[in-house]
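First comes the structure, then the notes that go with it.
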Amino acid sequence: MRQRIVVGVSGSPGSLTALHRATAEAQERNAELCAVLAWQLPGGGLGGRATYGAAVLRACREAAVEELRTILGSAFAVRRPGVELSGLTVRGEPGSVLVGAARSADDLLVVGVGTRGRWLPGIRPSVTRYCLAHAKCPVLAVPPNPLEADLAAMRGRTWPLPRMAGEQER
């Protein structure tokens, strides 16, 4: 049986960094690459307790599939992955979905370690921590791209406008 590299994707910069690292791992190991997108009903985890009709459930599932296609299309727009690639969308919490997708001890689970902001830790558990604690296979936690940290630091900064030639300082 051929090894699988399972990678969680969400479209975030951290997940795209993880996707490209997982692609490199799959190429190096001659393994299959499986990109997994976890999705939830409107309202997140609490939305799963509400009663939705079959049409809403189908629309959400189709939107998740389209989102995964968009993520993979933009991630590999310049260069194709060069490995066997499959996509999987699963309804559920991201951590448990990823652990479930990486079901074999021979798999490698790749997750991005993104910035979580100051409000999220108490609301949503860390997907990376969940995967590290529960996966039956090795987990590769990919740190954010250094440029991502630089961009985050620049957000909200105001930059002085350049002066035009001949303009006097006020």
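Yes or no: region 143-152 includes at least one residue that is at pLDDT 70 or above and more than 21 Å from the chain's Cα centre (by Cα). No, every residue in region 143-152 fails to be at pLDDT 70 or above and more than 21 Å from the chain's Cα centre (by Cα).
In region 2-22, the residues that are surrounded by fewer than 18 Cβ atoms within 10 Å (Cβ to Cβ) form Cβ pairs under 8 Å with partners that are among the hydroxyl-bearing types (S, T, Y), at six or more places apart or across chains, as follows: G11/T70.
Scanning region 23-32 for residues that are surrounded by fewer than 21 Cβ atoms within 10 Å (Cβ to Cβ) and closer than 27 Å to A63 by Cβ gives a single hit, E32. L109 meets all of the listed conditions (1) part of a helix (DSSP H, G or I); (2) touching a Gly at 6+ places or on another chain (Cβ under 9 Å); (3) buried (at least 16 other Cβ atoms within 10 Å of the Cβ) but one, namely (1). Does R2 satisfy being closer than 22 Å to K136 by Cβ, at pLDDT below 90 and not in a helix (DSSP H, G or I)? Taking the combined requirement at face value, the residue satisfies it. Listed by position, the helices (runs of 4 or more DSSP H) enclosed by region 33-106 that each have at least 2 residues that are surrounded by fewer than 16 Cβ atoms within 10 Å (Cβ to Cβ), of a type in the set (A, V, I, L, M, F, W, C) and at pLDDT below 95 are 54-75.
Out of the residues in region 86-118 that are touching a residue at least 60 places away in the same chain (Cβ under 8 Å) and in contact with a Ser or Thr (Cβ under 8 Å, 6 or more places away or on another chain), which is farthest from E25 (Cα to Cα)? Steps first, please.
Going residue by residue through region 86-118, those that are touching a residue at least 60 places away in the same chain (Cβ under 8 Å) are 94, 97-98, 101-102, 104, 106-115.
Next cut, in contact with a Ser or Thr (Cβ under 8 Å, 6 or more places away or on another chain) only: 94, 111-114.
Working: P94: 21, V111: 13, G112: 14, V113: 17, G114: 19 Å.
Selected residue: P94.
Taking every residue in region 61-78 that is within 15 Å of T17 (Cα to Cα) and pairing it with any residue that is small (G, A, S) and part of a helix (DSSP H, G or I), at least 6 positions away or on another chain, yields no pair with a Cβ-Cβ distance below 6 Å.
The values are calculated or read from the model by the stated rules, or taken from the named source; none is laboratory data. For clarity, every value in this text was computed on a predicted model and none was experimentally measured. FYI the Cβ positions are ideal-geometry reconstructions off the backbone, even for glycines, and counts take in every protein chain you see.
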